[in-house]
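Here is the structure we will look at.
Bear in mind that the values in this text are calculations on the coordinates, not laboratory data. The shown structure was predicted, so the numbers you read here are calculated from the model rather than taken from an experiment. Glycine gets a Cβ as well: all are built from the backbone with ideal geometry, and neighbour counts include every protein chain shown.
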Amino acid sequence: MSTDLSATLGESALVLFSGGQDSTTCLAWALERYERVETVGFDYGQRHRIELDCRQDVLAALREKFPHWGARLGEDRIISISALADIAETSLTSEAEFRLQADGLPNSFVPGRNLIFLSFAAAVAYRRDLRRIVTGVCETDYSGYPDCRDDTIKAMQLALNLGLERRFVLETPLMWIDKRQTWELAHQLGGDDLVDLIRDRTHSCYAGDRSQVHDWGHGCGACPACELRAAGWRAWRRDARS
């Protein structure tokens, strides 16, 4: 994707980076735009904690394959929020079977997770003098989580700016695109090299399974995250061939 970098000359950003497809695409998006980009991940007792191990592999691959981005990559940190698992009792923080709850939300919804993530990220951004905070939440192609909605993010930006007396900008590059378009965005940003990196090195599977390899990457193939990723890959590849 072509970008007028002069419009963001001197800008800095903090990317919420889990090691998954969406956050890696967002990281590439930020590296294409901003002069200094730092990353933050969260250990909250997730059953797919293997994503945290993938983070460093993805960062190393980005530096190797995209040296112009690597020069902009700054400090990375992981913040422990273990209390979230203690109070959440969801299929993302236990071995519970993935299912819909009585309220219509999937039981993979961790109440308040993204709100907590953004609060911690804003505290890091405040201390590190980073104005833009980039997160991979999406309202178009998601599991129905209310803390991924555009209205929620806009309200959170206002709350953070008032509470910290800063002018943070919460960036959501994926908000209005689906998984097919997310694969396409990655290709626009970094071509086949970035698509291959995301497919081979990132982790999205809620079950934490990296023993099975598919054309779209590693995962159990049956959880909601794998189904979304696989469907998006197939749609993108079909469109690319037509």
Here the gain from full extension of Ala231 to Arg127, 0.36 nm per residue of separation minus their alpha-carbon distance, amounts to 33.5 nm
Expected vector for the stretch 175-186, Karplus 3J(HN,Hα) from phi with 6.51, -1.76, 1.60 and θ = phi - 60°, integer Hz, x for Gly and Pro, equals 3, 10, 10, 9, 5, 4, 5, 5, 4, 5, 4, 4
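Treat the count of other C-beta atoms within 10 Å as a stand-in for reagent exposure and order Val40, Val134 from fewest to most. The partial results should precede the final answer.
Working: Val40 23, Val134 26.
Arranged by neighbour count, lowest to highest, Val40, Val134 become Val40, Val134.
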Cβ density ranking, 10 Å radius, fewest first, applied to Asp239, Asp178, Asp215 yields Asp215, Asp239, Asp178
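Once fully extended, how much extra length lies between Gln212 and Asp196, figured as 0.36 nm per residue of separation less the alpha-carbon to alpha-carbon distance?
On the way: separation 16, 0.36 × 16 = 5.76 nm, distance 1.66 nm.
Extending this stretch completely gives an extra 4.1 nm.
Taking the Cβ of each residue in His48, His203 as the centre, tally the other Cβ atoms inside 10 Å and list the residues starting with the fewest. Kindly include the intermediate steps, with their values, before the conclusion.
Working: His48 24, His203 27.
Lowest to highest Cβ neighbour count: His48, His203.
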For the stretch 107-242 (alpha-carbon point model, no solvent) the Debye-based log₁₀ I(q)/I(0) at q = 0.17 Å⁻¹ works out to -1.01
Computed from the beta carbon distance with a Förster radius of 35 Å, FRET efficiency for Leu158 and Asp239 to the nearest 0.05 stands at 0.40
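When the dipole is taken about the Cα centre of the stretch 113-242, and only Lys, Arg (+1) and Asp, Glu (-1) are charged at their Cβ, what size is it in debye, to the nearest 20? Mind showing how you got there, number by number?
Details: 19 positive and 18 negative charges, 52 e Å.
In total the dipole reaches around 260 debye.
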